[in-house]
Amino acid sequence: MKLTVMSAGAVEGPVRALTPEFIRETGHDVELTVNTVGALRDRFIAGDPAGVIILSVPAIEALDKAGKLAPGSRTDLGRATCGVAVRDGMMMPDISTEAAFRRALVNAQSIGANDPAHGGSSGIYLAELLGRLGMTEQLKSKMVLGKTGREVAIMVATGRAELGITFTSEFIPVEGTRVVGPLPKGMEYINGYAGAVPTGGGDIGRSYLRFLASPASKACFKSFGLE
């Protein structure tokens, strides 16, 4: 039997790494779809089938409140931290304070980020942050927007963006990127991620979530920067 899984990009690294082991252990095939939280939430609400859905905790809580998730199926998986990355081999900018972070943004020739219009949590947060800092117009011409965090990481690895800003867990799986660090104190953005089985879902989905939450799997999540 095939299990259809919708997963937010912030946890794509460990979910892709662990899923083949689940297939070997259980014999169940898994079809994995990865996108932004907003895009997957909208598809799910519109009726796209899923045996498991993995989104940010606020999105899961909203779906649960709306009665769209099987009671008791929510499984917390990890917390992702928004940060900055550069192409491997490039000089790492100082982002340790708000002033240093501002300088890094101003000095960068290009900045890769999630397009907020596509529903990515880090992109929505960054747009709000730049607004608070009064830098939206100043940086507008140098922003290079991607549909997903993985696209942002690839922009950095290929040199299309000098700096990339998204969850560090989305940079780590992409060869050629180097994480500088999290956003500075006072600007931190940490987002929890959880999985759940839709209302009426079967036991395979619950088994998959138990597998992802096992101690061995937690170590894999940690290796991708998810606590």
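The values are calculated or read from the model by the stated rules, or taken from the named source; none is laboratory data. Nothing here was measured: the structure is a model prediction, and the numbers come from that model. Backbone-built Cβ (ideal geometry, glycine too); neighbour counts: all protein chains shown.
Overview of values
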item: ALA39 among the small types (Gly, Ala, Ser) and at pLDDT 95 or above; result: no
item: Hits in segment 44-81 (condition: surrounded by 21 or more Cβ atoms within 10 Å (Cβ to Cβ), touching a Phe, Trp or Tyr at 6+ places or on another chain (Cβ under 8 Å) and farther than 29 Å from GLY181 by Cα); result: ALA50, GLY51, VAL52
item: Within segment 111-217, helices (runs of 4 or more DSSP H) holding 3 or more residues that are modelled with pLDDT of 95 or more and assigned by TED's automatic domain parsing to the domain that holds MET90; result: 121-133, 136-139, 149-158, 168-171
item: Residues of segment 218-227 satisfying the condition of being hydrophobic (A, V, I, L, M, F, W, C) and in a loop (DSSP other than H, G, I, E, B); result: PHE224, LEU226
item: Complete set of residues in segment 120-149 that are in contact with a helix residue (DSSP H, G or I) (Cβ under 7 Å, 6 or more places away or on another chain) and surrounded by 21 or more Cβ atoms within 10 Å (Cβ to Cβ); result: GLY120, SER121, SER122, GLY123, GLY146, THR148, GLY149
item: Filter result (in contact with a Pro (Cβ under 9 Å, 6 or more places away or on another chain) and closer than 25 Å to ALA194 by Cβ) within segment 67-110; result: LYS68, LEU69, ALA70, SER73, LEU77, GLY78, THR81, CYS82, GLY83
item: Filter result for ILE172 (of a type outside the set (D, E, K, R) and without any contact (Cβ under 8 Å) to a residue 24 or more places away in the chain); result: no
item: Candidate set: segment 162-210, residues that are under 15 Å from GLY78 (Cα atoms) and touching a Lys or Arg at 6+ places or on another chain (Cβ under 8 Å); chosen: the one surrounded by the fewest Cβ atoms within 10 Å (Cβ to Cβ); result: ILE190
item: Lone qualifier among ALA100, ALA117 - being farther than 30 Å from MET1 by Cα, surrounded by fewer than 15 Cβ atoms within 10 Å (Cβ to Cβ) and under 22 Å from the mean Cα position of the chain (by Cα); result: ALA117
item: Residue that is at pLDDT 95 or above, buried (at least 17 other Cβ atoms within 10 Å of the Cβ) and assigned by TED's automatic domain parsing to the domain that holds PRO116, where the choices are VAL11, VAL84; result: VAL84
